[in-house]
Amino acid sequence: MRKPMMAANWKMNLIPAEATLLAQAIRAAVAEVSSVDSVLCPPYLALANVHHTVQGSTIAVGAQNVHWAESGAYTGEISVPMLKGLAEYVIIGHSERRQYFAETDETVNKKLHAVLNHGLFPIVCVGETLAQNDAGDTHAVVSAQVKAALAGVEGSRLAQVVIAYEPIWAIGTGRAATAAQAQATCGKTVRGTLAELYGDEIAQSVRVLYGGSTNAKNIGEIMQQPDIDGALIGGASLKADEYSSMVQTTAALYKANASTR
Ligand code: PEP
């Protein structure tokens, strides 16, 4: 059984002192929940604060982006070696980066290799636009993104990789995909593409998250889908109570599932 994950993307919100307070509140509420991997992804400036706040708990820290080079003349960028010791996970290819900061499948792939080579865990985001969804192109678009992101990555590395399916039309809009839609793309498309690339056994071992307007109300139905192993959570993760409730719901479902096996 794959261990569930609730990854909190705080985006460009919270000064370090605010991020510390939020991390403290989340730690107080979910630090005992060891059956779910909670990953808090604050802005870079707050990484050290959040790292210190959750140290010694079950909660992990992630960065929201990274550069692929080790160091050099890349003004304003952060490299993977700079994240080491502060973050275990790195979000790569979030649609907001693809949309506003010229992230491409090629840069996603370079970043993925850099993160894997340094032993961190990438959370690779894929997802279609509303127009692509309306045109019935979701499968083709998302499958192509998965293939491009993983180009040149050996199967032995897949245990480190998390994939987040995030339909762009669902991010921050309050209009989540239905559980059935999310399951179809996470299962047939993302896991199906992984199986095509690496075989069934590896495909079944990779954690696939859904992201897009998840909250305390809809997380239960989403987490009951067989191919969804967690969520990448934006807005709702900025509220300690709501995020913690999502972690608790997920833990309860995981426990119930485990006991029926
Ligand atoms: C996200 O930031 O990846 C996201 C899914 O945001 P929201 O939950 O607010 O839709």
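The values are calculated or read from the model by the stated rules, or taken from the named source; none is laboratory data. Quick caveat: nothing in here was measured; it's all calculated off a predicted structure. Neighbour counts run over all protein chains shown; Cβ positions are idealised from the backbone, glycine included. The protein model used for the area step is the full one, side chains on, heavy atoms only, and it has no ligands, DNA or RNA in it. Shrake-Rupley method; radii C 1.70, N 1.55, O 1.52, S 1.80 Å.
Heavy-atom accessible area, probed at 1.4 angstrom with all protein chains present, ranks LEU120, LEU45 as LEU45, LEU120, highest first. Only protein heavy atoms count here; on that basis, with a 1.4 Å probe, ASP137 has an accessible area of about 70 Å².
Subtracting the Cα-Cα distance of GLN204 and TYR74 from 0.36 nm times their residue separation leaves 43.0 nm of extension gain.
Taking every C-alpha pair closer than 8 Å and separated by at least 6 residues, the mean separation divided by the residue count of segment 1-133 gives a relative contact order of 20 percent.
Note on segment 44-162: with neighbouring protein chains present and a 1.4 Å probe, carbon and sulfur make up 54 percent of its accessible heavy-atom surface.
Taking 19 Å as the straight-line reach from the Cα of LYS111, the aspartates and glutamates in range (excluding those fewer than 8 positions away in the same chain) are GLU70, GLU77, GLU88, GLU96, GLU103, GLU154, GLU166.
In percent, rounded to a whole number, the relative contact order of the chain is 21, using alpha-carbon pairs under 8 Å and six or more apart. The Kirkwood hydrodynamic radius of segment 51-119, based on inverse pair distances between different Cα atoms, is 12.8 Å. Every Cα-Cα pair in segment 122-261 was counted, and those over 21 Å apart are 41% of them. Inverting the pair-averaged 1/r between distinct Cα atoms of segment 52-198 gives 16.1 Å as its Kirkwood hydrodynamic radius.
So if I place +1 on the C-beta of Lys and Arg and -1 on the C-beta of Asp and Glu, and nothing else carries charge, what would the dipole magnitude of the chain be about its Cα centre? I want it in debye, nearest 20.
My answer is approximately 380 debye.
On alpha-carbon atoms, Rg over Rh for the chain using Kirkwood Rh?
Here Rg/Rh amounts to 0.94.
For segment 22-132, what does the accessible surface come to per residue with a 1.4 Å probe? Please give it in Å².
42
Charge tally around LEU47: other residues with Cβ under 15 Å, Lys/Arg +1 each, Asp/Glu -1 each, net -1.
Checking the Cα-Cα distances for LYS11/LYS188; LYS84/LYS110; LYS11/LYS84; LYS110/LYS239 against a 25 Å cut-off, the pairs over it are LYS11/LYS188; LYS110/LYS239. Summarised in one figure, the compactness ratio Rg/Rh of segment 107-160, Cα atoms and Kirkwood Rh, is 1.06.
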